[in-house]
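K.L.:
Okay, here's the structure, questions in a sec.
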Amino acid sequence: MRNARGSLIRPTPLPGSASAPLVTPLSPAVAYASETPDMLDTQYEGRLQGYTYSREGHPNAAVEA
């Protein structure tokens, strides 16, 4: 998920603080789960946007590119 500035949108807000992070939070995930094997096939065919394995693309690269 991205916001208008091109940075990742956190699924839950940051805890309240008097200060804010200076950089976009990084996603530590390496592998991503699809609901079904057919959904994974659809992603590999390019008909569905999503991540499968970090060597094939990941949110950090998408935000920084």
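The values are calculated or read from the model by the stated rules, or taken from the named source; none is laboratory data. All values reported here derive from a predicted model rather than from experimental measurement. Quick reminder, even Gly has a Cβ in these numbers, built from the backbone with ideal geometry, and neighbours come from all protein chains shown.
K.L.:
Mind telling me which of the residues 27, 19 ends up being surrounded by 10 or more Cβ atoms within 10 Å (Cβ to Cβ), at pLDDT below 85, of a type in the set (S, T, N, Q) and assigned to a loop (DSSP other than H, G, I, E, B)?
P.N.:
27
K.L.:
Looking for something in a loop (DSSP other than H, G, I, E, B), of a type in the set (Lys, Arg) and either out of contact with any helix residue (DSSP H, G or I) (no Cβ under 6 Å at 6 or more places or on another chain) or at pLDDT 75 or above (or both) - is there at least one such residue anywhere in the stretch 1-8?
P.N.:
yes
K.L.:
Looking at (1) part of a loop (DSSP other than H, G, I, E, B); (2) modelled with pLDDT of 75 or more; (3) not basic (Lys, Arg), which is the only condition residue 39 fails?
P.N.:
That leaves (1) as the condition not met.
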